[in-house]
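Everything below concerns the one structure shown next.
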Amino acid sequence: MKLNKKILSLILSLTLGVTVLTGCSNNSSSSKNETKKIGITQLVEHPALDQTKKGFIEGLEENGFKEGENIEIDFQNAQNDNPTSQTIASNFANDKKDLIFAISTPSAQAALNATKDIPIVFTAVTDPVEAGLVKSNESSENNVTGTSDAIPVEKSLELIKKFVPNVKTIGVVCNTSEINSKLQIDRLKKVAKKEGINVVDKGVTQANEVNQAVASIVKESDVIFTPTDNLVASSMPIITKIATENKIPVIGSEKGHVENGALACNGISYKELGKKAGEMAAKILKGESKPSELSVVTLDDTETIINKNVMDELGIKNPVL
């Protein structure tokens, strides 16, 4: 059957029109439902860092980003090995992730070393300025922002004095390669000196050195303070076992320390810290803000947590808090 040229022209026009319209519709739908790729790099497994990851995912979900629907999460754990953190970060950069969530200072530093373009949101970083991650807490002036777990050491010293009123010497075990620890110890020494209290610290670089360091420090300390140090957090069962056997109380920096045998802590919620980071990441993924436009967030509210079993074992009375 022969078609009239006018009819054939009309059919072609309509066909092309539908094709174009269909193409536009598909592109719009694809853009709207585009899956964002998020790389999560965590230095090591321990309760505080694990809680930040959980909070981060919750923060994303509450702001419209859910794994399996519109985000794809690639989680990698460096098992407390800094070179592995660098490898993970480089892989994330090469994979062109839409955002990197870095849990801990070493993880965040590795991510920044790997990319100056991909947005990086960190958490559990005590001092992001000293760590070289941001220019200031108000504006990073780069592709980085996040949440800090910094809490005043004055609060920890106050707690120590309540449990050990006649304290003369505070012992600290720390990872010498973590700037977080150095900053906390320097601040503790400064405020303790004003109170006439001495601070002695023993540095370690790996887990198998912790036992000996604690065994040494209990001999010259009235109490042990554990900072927000990732190696220390992973070694808390060892630290608290030796300290408690020697009737030396341990005052921690976060809930995970107490759950692993410390007497008490005055700390923040790491899950809430991660949740705040998730909220920041959502703003970046939506294109509402750049990392440099989001100030570093800290949590003002702290909570005193006491391990009653340890308190009884040490024969310490519940102080007035």
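The values are calculated or read from the model by the stated rules, or taken from the named source; none is laboratory data. Because the structure is predicted, anything quoted here is derived from the model rather than measured. Note: ideal-geometry Cβ built from the backbone for every residue, glycine included; neighbour counts use all protein chains shown. These accessible areas exclude ligands, DNA and RNA; they are computed on the full protein's heavy atoms, side chains included. Shrake-Rupley method; radii C 1.70, N 1.55, O 1.52, S 1.80 Å.
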Please give the helix 179-194 orientation as an angle from the longest Cα principal axis of the chain, in degrees from 0 to 90, rounded to the nearest 10.
40
Hull-based mean projected area of segment 247-289, where the convex hull spans the alpha carbons, in square nanometres:
3.5
Defining a contact as two alpha carbons under 8 Å apart and six or more residues distant in sequence, what relative contact order in percent does the chain show?
20
Give the Kirkwood hydrodynamic radius (Å, one decimal) of segment 110-203, defined as one over the mean of 1/r across all pairs of different Cα atoms.
15.0
Is it possible to state the helix-based mean residue ellipticity at 222 nm for the chain, with each DSSP H run of 4+ residues giving -39500 (n - 2.57), the sum divided by total residues, to the nearest 500 deg cm²/dmol? What is it?
-14000 deg cm²/dmol
Nearest 10 degrees, 0 to 90: helix 105-114 Cα axis against the chain principal axis
40
In Å², and per residue, what accessible area does segment 240-309 have when probed at 1.4 Å with the other protein chains present?
44
Using Cα-Cα distances under 8 Å and only pairs 6 or more residues apart, what relative contact order does segment 39-85 have, in percent?
64
Name the lysines eligible as straight-distance cross-link partners of LYS193: C-alpha to C-alpha under 22 Å, and not fewer than 8 places from it in the same chain.
LYS155, LYS161, LYS162, LYS168, LYS182, LYS202, LYS219
If I compute solvent accessible area with a 1.4 Å probe over the protein chains, what percent of it on the chain is carbon and sulfur?
47
For segment 140-255, just say rounded, prolate or oblate: build the C-alpha gyration tensor, square-root its eigenvalues into a ≥ b ≥ c, call rounded for a/c under 1.5, and beyond that prolate if a/b exceeds b/c, oblate if not.
oblate
What shape does segment 46-99 take by its C-alpha gyration tensor, where a ≥ b ≥ c are the square roots of the eigenvalues and a/c under 1.5 counts as rounded, a/b above b/c as prolate, and the rest as oblate?
oblate
Give the Rg/Rh ratio for segment 235-311, taking Rg as the radius of gyration of the Cα atoms and Rh as the Kirkwood radius, to two decimals.
1.20
For segment 279-321, evaluate the Debye formula with one uniform point scatterer on each Cα (no solvent term) and list log10 I(q)/I(0) at q = 0.18, 0.21, 0.34 Å⁻¹, rounded to two decimals.
-0.64, -0.75, -1.15
Where Lys and Arg each count +1 and Asp and Glu each count -1, what net charge lies around SER90 among other residues with Cβ under 15 Å from its Cβ?
-1
Residue-normalised accessible area of segment 103-201, given per residue in Å² at a 1.4 Å probe
41
Near LYS37, which lysines are there with a Cα under 25 Å away, not counting those fewer than 8 places off in the same chain?
LYS53, LYS54, LYS66, LYS96, LYS97, LYS116, LYS271, LYS275, LYS276, LYS283, LYS286, LYS290
What is the local net charge at LYS241, summed over the other residues whose Cβ is closer than 13 Å to its Cβ (Lys, Arg +1; Asp, Glu -1)?
-1
With loop defined by DSSP as not H, G, I, E or B, and exposure as at most 12 other Cβ atoms within 10 Å, which is the longest segment of the chain clear of exposed trypsin sites (Lys or Arg not before Pro)?
3-65
Mind putting a number on the dipole of the chain about its Cα centre? Charges go on the C-beta only, +1 for Lys and Arg and -1 for Asp and Glu, and I need it in Debye to the nearest 20.
720
So for segment 69-145, using the alpha carbon gyration tensor with a ≥ b ≥ c as root eigenvalues (a/c under 1.5 gives rounded; past that, a/b versus b/c decides prolate or oblate), I'd call it oblate
Would you mind checking the radius of gyration and Dmax of segment 192-321 based on alpha-carbon positions, in Å?
18.1, 56
Can you list which of the chymotrypsin sites (Phe, Trp or Tyr not before Pro) found in segment 45-141 are DSSP loop residues with at most 12 other C-beta atoms within 10 Å?
none
Cα centroid of segment 173-242 to Cα centroid of segment 93-157, whole Å
24
